[in-house]
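Note sheet for the following structure.
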Amino acid sequence: MDPSKKSASQSRSMLIEDPQNSCKKNGIFLSTKAVVAIVVVVILAIAATAVITYFAVYEDTVAESPEPVSTELPPEGWPQPVEEDDAREEFDGRIPDTLKPINYYIKVTPYFDEEDVEDLGKERFTFDGELQFEVECLKPTAIIKLHIYTITVEDVTLLVTDSSGTHIGVLGTVLDPLYDFYIIELDQDLEVGRRYIISMNYAGTLKQTSTIGFYLGWYPFGNETRYYAATQLESTYARRLFPCFDEPNLKATFDMVIRHRNRRHALSNMPKIGQEFDDEIVTDSTWVTTYFNRSVRMPTYLNAIVVSDFEHKENYTEEGVLFRVWSRPYFVHTLDFSLMVGTSMLDYYGKTYKIPYNHIGYMTKMVLPQWFGNLVTCGWWSDLWLNEGFARYMEDAGVHNIYPEWEMYDQFYPRDATFKALHSDSISTSSRPMILDVGWNHEIRRTFDRMSYEKGAAMNMMMTHFMGNNIYLDGCYDYHITYAYEPAFSDDFFSALTQADRNCQNQNIKVIMDTWTRQAGYPLITVTRDAKDIHAEQEIFLQNAYDEPSDKFENLGFLWYVPLTWTDQSELQFESLGPCNTHVNSKWMNKAPADFQLNTESDDDWFIVNVNQNMYYRVNYENENWEKLSNYLIPSHTDIPIRNRGALISDAFNIGKSHRGDHVNALKIIQYLRDERDYNPWLTTRDNLGFTVHMIWRTSTYGFFERYIRYLNEPIYDELGWDFKKALEDDHIDYHNRVIAVELACEYGNDDCIQNTTEQYHHWMYTGINEIREDTTTTVYCTSIRHGGHAEWDFAFNQHQMTDDDEEASELRSAMACSRASYTLQAYMDYFLNTSLATDVIGEVRDASGLGFNLAWDFVNIHFDSLYKSFGDSAYDTVWSFADTMNTEKDRNEMEAFGLRYPDMPGTAANDFYYSLKKIKSNMAWMEKNEVELRQWLEEIMSRT
C-alpha cells in the first residue's frame, strides 16, 4: 500500500470517535448494526473533512520562511556530472567481422503453470531454449562472440561442428558482462569459406523488468489470472531470448519452434507449418510443438513470439495476404475495425512503394515498418531515423487513404510530428544530431526519441516537397530494391534519392541533408521587406532566451541548406507546383542569407514563408507583416490553409517566448479564432498558451487575458457543447474540437461549462457512478473543485485514497490542486509531506494557479529540510522547478536567499541554482519587454467586445 494511503487510514482511526458513545451522549439509541451502517456510509466523508478541518488554522500559524544563514552563495562553475553509463571507456563491443550469420534454429519452451513445477521440476515463469546457429567464416578465427543477457548457457551442451559434422574442440567459455558477450574459445582457427554450426541449450526468465526481451504478461479472466509471454526485442533485447549476433546489420534466416501446453497457442513471424502432440489423447495440459516456416533474412530484433490463449479474427488483402488481429478473448468482438484498417493499409503501402507485402514475409508485428526497417534495415543504431522517421511520416498516409475526411496531414500530423520535433529540437538538453555515434546500450536506447521519430518524419516530409513527391517515391523504391534484406545507412538513402533526382533538379541530397541530420537544431528564418524585395537570414532557434546550443556534439556552424517557399496575398499560391512538382515560388538558402521577390503589386499585401509548413523551420516577420496577417485572418481565414494557420500561431508564440519578437503578435494572430472550426489551429493555440499564462497569472493582466481567451472560445463552445456521442458518430474532427472547446471554456471561466462539469461531478458524488467521459476527466475534476467547496475536495480525496488505478489517482491529485482555498492547498501539501508523493503534490499545486504557485514556493522553503531527508539531492530539483515561472525582482531575491541558506549544496545543485537565476533574469526581461504592451492591447481589444 502507498505510504500516503496508509497514513490516511491511520488518520481516520485517530479522528473518528467511538460511534456508540456518541449516540448515547446525544440521547439517540441505535442498534449495533444501525450504527455500523451509518459509520460505513459517512466514514470516508468524515475522514477527508477532518483532515481539512485539522489544518484549517494552518494559514494563520505557518512559520515565516527561514532567514539566510550565510552571506555567500554556492560556488559557481562546477563540472557537469557524468552519468555512470557515460563514464565508461570508449565502446569496443561490436561483433567481430570474422563470421557471417546464416541461419538460426531456435526452440523455446516457456513454463507458466503450477503443473510445470510439480511434473517437471521447472521454475515457474522461466523458459528453456535450444539453439543451432549456422555461420560462415569470413576470416580465420578461434574466437566466437555471441550476445547473451539474462539467460544461462548449459556449457556441457555446447558444440561447434563443421558442415560435415566434425567437432571443433572448445577450450572454454568466458562471460564478458561489459558487452553482454558469451565468448567461445576454440582449439583451432575456423577456415574461411566454410560453414559451422554452434549448438547449445540454455535457460532464461520471463520475469523481465519491463515489456522487453521475452517477457511475461497477464490479465484477469473471471476469478483467475491468465498468463502469456511475448517478445519486444528492439533494440538490443534479442539476447534475452537466444544467444545471437544482436546487431541490426547481421541478418540471417530463422527457423522458429515453440513448445507449449495445448491450452495456449504459439505465434511467430512466419506461418505455422506443423504441430506435434506428445499425447494421443489431447487435453489442455498436453505438450504441443509448433513449427514455423523459415523466415526471410532479417535482423535479430525483428523476431516475434507470442504464447497465449488470445483469440483472433482474419481477412485477406487484395494480394491474397492473410492478415490476423489477436486480442484477449473478451475483446475479440472489437477487432473488426483493426482488421479493416490493417488489410487496407497493407494494400495501400504495397501499391505506393510498388513492393507487395507478401514479398517480404508474414510478419506479426507492425504494418508500415515492413518496408523501412524490415525489408531494409539501418546498418547501425546511429541511423535509426531511417526506420522510424519514415514510418512515422507515412503512417498518417495510410489513415488518410481510408479516412480522407479526417484530414490527417492538415489536422493531426503537425501536432503529432512537426510541432513535437520543433519543440524538443529547440531545447539544448533534448536536441541532438539525428545521426550520432552510439555503441553502449544506454546510448542506443536514447536514440529512440523525437529526433529519430518526429524529426525523422519532418525530414522525409521536407525532402518530399523540395524534391517533388514522385521523384522522392522513385528514390525510395530504388533504395528498397538495391538494399532489400540488407543493412543500409543514411548515405545509401541519400544516394538513391540523388540518383532519382538526376534528370530533374540534379540536387546532391547528401550535401543538403547533412546540414539537417549531422548537427542539432534547426533555423529560425527572419525575413525583412523593402517593397517587393525580401531578405532572409538564418540562425539556430532556441525557444528559451537563456539557452545555448549544447557543446556535447559537433556542428556545421549551425547553418543549413534551407528550401524557402513563399506566397502572398495577391496570388495565394499554396498548392501551385512548378517543375518536378515542387512549389512554384522557391529558392535555396545555401548556408547563407538569401533574397527573393514577391509577385504582388501592392506593398500592403501580406506574405507567408514556408508554404503549408512543409519545411522544417520557423519564420519571423517584421511587426507590420504580422499585423497584416492578423487583420486578414479575421474576415478571410479560410484563404490560408489549415497547416499555415497552425504554423503562424506556433511560430508567433514561440518567437515571442524566445524574446526574438513582440509577444503581442501571438495574441493578435489568434483574434480570428472566433470563426475557426478546424482542429489544428485550436490545438496549437491550446498547446502554446502555457508560457503566457505562467508569465502573467500573478499579475492583474491575467484577468484581461482570461476574458480574451473566453471571448475567442465562446462561439465554438456554444456551437459544439457537450454532445460527444453525436460527434463520435458524425464527425471525427468535431469530436476532438469539442474536447478542446470544453477544456478552454472551463479553464477560462465560461459559466455554462462550469455548471455542466459541476453537475457531472455531483452526479458521481451522489450516486457513486462515474459517467464522466475519459477525454474530459481532467477538465471536469479540476473545474468542479476550483469552483466548489469542501465537499467536492473531500470527495476527490476519498476517491484518491480508495482507488488502485494509478492513472486515476494522478488525475485526482492534479484536480485537488485546483482548489482556490489557500488553507486547503496548504493542508493538502502538509498531509503528503512525509510521503513518496510529496514532490508530486507540491508540483501539482505549483502548476495549478498563481495562488498555488505562491503557496507551493513558501511551502518548499519552509519544509525543504524535510524534503531533503526524504528525497536527498533530488529535493533541490523541486526548488529549481519554480524558476520557469519566476519573473520578478522579489522572485530572484527569494531564490538567492535559498542559495544563501544552503551554500554547501552539491556541485550539480549549485549549477542548477545558477541556471535557475539565469532563467529568472530572462523571464524578468520578457516581462519588461512584453507585459505593459500585452495589458494595453488586451484592455483595448476587450473594451470593444
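Among the GluC sites (Glu not before Pro) in the range 719-824, those located in a DSSP loop and surrounded by at most 12 other Cβ atoms within 10 Å of their own Cβ are 771.
Looking at the range 905-945, the trypsin sites (Lys or Arg not before Pro) that sit in a DSSP loop and have at most 13 other Cβ atoms within 10 Å of their own Cβ are 944. Here residue 285 and residue 208 are evaluated by their C-beta separation; at R0 = 22 Å the FRET efficiency comes out at 0.25.
Modelled spin-label separation between residue 503 and residue 316, with each label point placed 7 Å from Cα along the Cα-to-Cβ direction: 3.8 nm.
Amide hydrogen proximity for residue 305: with H placed 1.01 Å from N in the peptide plane, the residues at 5 or more positions away or on another chain lying under 5 Å are 231. Accessible surface for residue 382 stands near 10 Å², nearest 10, in the context of the full protein assembly shown (1.4 Å probe).
Over the chain, accessible surface divided per residue gives 43 Å², non-protein components excluded, 1.4 Å probe. Here the chain is treated as a Stokes sphere of Kirkwood radius computed over C-alpha pairs; at 25 °C and 0.890 mPa s its diffusion coefficient rounds to 77 µm²/s. Each part gets one Cα centre, and for the range 811-848 versus the range 193-223 those centres are 43 Å apart. 3J(HN,Hα) couplings calculated from phi for the range 529-535 with the Karplus curve 6.51 cos²θ - 1.76 cosθ + 1.60 (θ = phi - 60°) are, in sequence order, 10, 9, 6, 8, 8, 10, 10 Hz; Gly and Pro show x. Using only the Cα atoms of the range 132-225, build the gyration tensor, take square roots of its eigenvalues as a ≥ b ≥ c, and label the shape rounded, prolate or oblate: rounded if a/c is under 1.5, else prolate if a/b is larger than b/c, else oblate. It comes out prolate by the Cα gyration axes. Put simply, the amide H of residue 99, placed in the peptide plane, has neighbours under 5 Å in 138, leaving out anything fewer than 5 places away on its chain.
Would you be so kind as to identify which of 577, 159, 490 lies farthest towards the positive end of the dipole of the chain, taking Lys and Arg as +1 and Asp and Glu as -1 on Cβ and the Cα centre as origin? Checking the options against the dipole of the chain, the answer is 159. The charge dipole of the chain, taken about its Cα centre with unit charges on the Cβ atoms of Lys, Arg (+1), Asp and Glu (-1) only, comes to about 620 debye.
Which helices count as membrane-span-like in the chain under these terms: full DSSP H, at least 27 Å along the axis by C-alpha, Kyte-Doolittle mean of 1.0 or more? Taking the DSSP H segments of the chain (at least 27 Å long, mean hydropathy at least 1.0), we get 32-54. Atom-type composition of the exposed protein surface of the chain places 48 percent of the accessible area on carbon and sulfur (1.4 angstrom probe). Looking at the range 171-225, which trypsin sites (Lys or Arg not before Pro) are in a loop (DSSP not H, G, I, E or B) and have at most 14 other Cβ atoms within 10 Å? Passing both the DSSP loop test and the Cβ count: 194, 207. Using 21 Å as the Cα-Cα cut-off, could you pick out the over-long pairs in 139/251; 313/351; 510/591? Beyond 21 Å between Cα atoms: 313/351.
Helical runs assigned H by DSSP (4 residues or longer) give the chain a calculated mean residue ellipticity at 222 nm of -13000 deg cm²/dmol, each run adding -39500 (n - 2.57) before division by the residue total.
The values are calculated or read from the model by the stated rules, or taken from the named source; none is laboratory data. Computed from a predicted structure; not experimentally measured. When we count neighbours, we look across all protein chains shown, and the Cβ atoms used for this are built from the backbone with ideal geometry, even at glycine. These area figures cover heavy atoms from the full protein model, side chains too; ligands, DNA and RNA do not enter into them. Shrake-Rupley method; radii C 1.70, N 1.55, O 1.52, S 1.80 Å.
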